[in-house]
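S.K.: Encoded as structure tokens, here's the structure I'll be asking about.
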């Protein structure tokens, strides 16, 4: 009987995920607020039933009552965060909030299936991060001096990355963390703020050179620390922000060219880079060594097919660091390829919303912040999924909100809170524009009425 329930559950979960994904893009085309609100409510219902079905299956397969306890705690968190945002931030983007909850749900489901203790730790970190993040939209709206801290952001980033390079212990071939915390995740935010603060005031050649030097220091230290994934993310964010600020293709071309030359140099200078490229080109040839991870990942993706094997029916544990870098492979194996595609589309919806916010914000400082954070998020998703699917060499980054990783999920939730603050600012700008428009119309009518009175 349990096997029947498991087999049916994967189709139920898949259907709920497909409908949710449809709603993400459906709402973009709808202007009617009542229709949007109804679609948002339906999304919450879909998340609820997906979580209920998934955790029921996990409980039936494991017979561990702690799974039920975790499920209730998780649902309590989702209920609280939804209520608090609706109470304190009436102008916040509920679609962004729903997408965050959906991605966290997928992560909690897979982590609970893999290791309940890890899932519990992740939930505690998420709850604590959300509590801190709840005040960030207010800070974005009220703290106008943030754009004046240009070199403070640069100093914080360089000092912390330098401390990691000097003091951190090597883990999985790279220097990543100090005292259990990975500073590069938090510095993604300070780096974007530095670039936005510098380029929003001036986009001259001198300013571009200054930005390039500071970005080069960030990327260089990360490369020396062998944190290649973060280095690539920083570099791409730098390129995009430079190009959008200056609108000069020559800077983009020089950046891409310089990055390509740097990649070739890194290949010949660093053995770990050559190992990852070798594993990417022909993982079966080095299966016993550096190719083992990617081969197991590809086996898992292929085994799952379109519909997956069902929760607790596969063997994702055979993939090294599956809870971190290869969570996408585990999702493909047990939830299926269609579910994985929907997950990618939800991430894409996330990114497109951030880009839309950036395009509609008038203030160049906030515009660049939204664009930079969106770029970092999108490229991190690309690196994680591309590496797991052998589309690109492995870079060792997590899937935001889905993979296990305290520093990663903390920084991502803070990023989302910043985006929410920018969304509220955009709404404030729209209201101000509408108010000024109405005032202009009213004054025009008053002048017209005054002229008619004079004529009479």
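The values are calculated or read from the model by the stated rules, or taken from the named source; none is laboratory data. Predicted model, so just to flag it, every value in this text is computed and none were measured. Virtual Cβ from ideal backbone geometry, glycine too; neighbours counted across all protein chains shown.
S.K.: Inspect all residues belonging to segment 113-127 and state whether any of them is over 21 Å from the mean Cα position of the chain (by Cα), touching a residue at least 24 places away in the same chain (Cβ under 8 Å), assigned to a helix (DSSP H, G or I) and crowded, with 21+ Cβ neighbours inside 10 Å.
M.R.: Yes, because at least one residue in segment 113-127 is over 21 Å from the mean Cα position of the chain (by Cα), touching a residue at least 24 places away in the same chain (Cβ under 8 Å), assigned to a helix (DSSP H, G or I) and crowded, with 21+ Cβ neighbours inside 10 Å.
S.K.: Just one of (1) at negative phi; (2) at pLDDT below 90; (3) assigned to a loop (DSSP other than H, G, I, E, B) trips up residue 353, so point out which.
M.R.: Status for residue 353: all satisfied but (3).
S.K.: Give me a count of the residues in segment 72-84 that are more than 20 Å from residue 23 (Cα to Cα) and touching a residue at least 24 places away in the same chain (Cβ under 8 Å).
M.R.: Number satisfying all stated conditions: 6.
S.K.: Looking at 401, 410, 414, 394 in this structure, which one is at pLDDT 90 or above and surrounded by 22 or more Cβ atoms within 10 Å (Cβ to Cβ)?
M.R.: Numbers: 410 fails: surrounded by 22 or more Cβ atoms within 10 Å (Cβ to Cβ); 414 fails: surrounded by 22 or more Cβ atoms within 10 Å (Cβ to Cβ); 394 fails: at pLDDT 90 or above.
401 is the lone residue from the list that is at pLDDT 90 or above and surrounded by 22 or more Cβ atoms within 10 Å (Cβ to Cβ).
S.K.: Going through segment 302-331 one residue at a time, which ones are in a helix (DSSP H, G or I), farther than 20 Å from residue 8 by Cβ and within 22 Å of the chain's Cα centre (by Cα)?
M.R.: 327, 328, 329, 330
S.K.: Has segment 322-340 got any residue that is out of contact with any helix residue (DSSP H, G or I) (no Cβ under 7 Å at 6 or more places or on another chain), over 18 Å from residue 50 (Cβ atoms) and surrounded by fewer than 24 Cβ atoms within 10 Å (Cβ to Cβ)?
M.R.: Scanning segment 322-340 turns up at least one residue that is out of contact with any helix residue (DSSP H, G or I) (no Cβ under 7 Å at 6 or more places or on another chain), over 18 Å from residue 50 (Cβ atoms) and surrounded by fewer than 24 Cβ atoms within 10 Å (Cβ to Cβ).
S.K.: What residue, of 345, 371, 311, is in contact (Cβ under 8 Å) with a residue 40 or more places away in the chain, out of contact with any strand residue (DSSP E or B) (no Cβ under 8 Å at 6 or more places or on another chain), crowded, with 20+ Cβ neighbours inside 10 Å and over 28 Å from residue 117 (Cβ atoms)? Outline the logic, then answer.
M.R.: Numbers: 345 fails: crowded, with 20+ Cβ neighbours inside 10 Å; 311 fails: over 28 Å from residue 117 (Cβ atoms).
Being in contact (Cβ under 8 Å) with a residue 40 or more places away in the chain, out of contact with any strand residue (DSSP E or B) (no Cβ under 8 Å at 6 or more places or on another chain), crowded, with 20+ Cβ neighbours inside 10 Å and over 28 Å from residue 117 (Cβ atoms) holds for just one of 345, 371, 311, which is 371.
Yes/no matrix, rows are residues, columns are (1) crowded, with 16+ Cβ neighbours inside 10 Å; (2) more than 18 Å from residue 270 (Cα to Cα); (3) modelled with pLDDT of 90 or more:
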| site | (1), (2), (3) |
| --- | --- |
| 213 | no, yes, yes |
| 220 | no, no, no |
| 225 | yes, no, no |
| 237 | yes, yes, yes |
| 246 | yes, yes, no |
| 251 | yes, yes, no |
| 256 | no, yes, no |
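S.K.: Of all residues in segment 195-214 being free of Cβ contacts under 8 Å to residues at least 40 places away in the same chain and in contact with a helix residue (DSSP H, G or I) (Cβ under 7 Å, 6 or more places away or on another chain), which is nearest to residue 373 (Cα to Cα)?
M.R.: 211
S.K.: So which residues in segment 86-103 are in a helix (DSSP H, G or I) and either in contact (Cβ under 8 Å) with a residue 24 or more places away in the chain or closer than 15 Å to residue 402 by Cα (or both)? First the steps, then the outcome.
M.R.: Residues of segment 86-103 in a helix (DSSP H, G or I): 86-88, 94-103.
Scanning segment 86-103 gives 88, 94, 95, 96, 97, 98, 99, 100, 101, 102, 103.
S.K.: Check 260, 278, 230 and return the single one that is farther than 30 Å from residue 369 by Cα and either surrounded by fewer than 21 Cβ atoms within 10 Å (Cβ to Cβ) or touching a helix residue (DSSP H, G or I) at 6+ places or on another chain (Cβ under 9 Å) (or both).
M.R.: Working: 260 fails: farther than 30 Å from residue 369 by Cα; 230 fails: farther than 30 Å from residue 369 by Cα.
None of the other options fit; the residue is 278.
S.K.: Do the conditions hold for residue 107, that is, is it modelled with pLDDT under 95, within 25 Å of residue 345 (Cα to Cα) and in contact with a helix residue (DSSP H, G or I) (Cβ under 9 Å, 6 or more places away or on another chain)? Write out each step before concluding.
M.R.: On the way: modelled with pLDDT under 95: yes; within 25 Å of residue 345 (Cα to Cα): yes; in contact with a helix residue (DSSP H, G or I) (Cβ under 9 Å, 6 or more places away or on another chain): yes.
Yes; evaluated as a whole, the condition is true for this residue.
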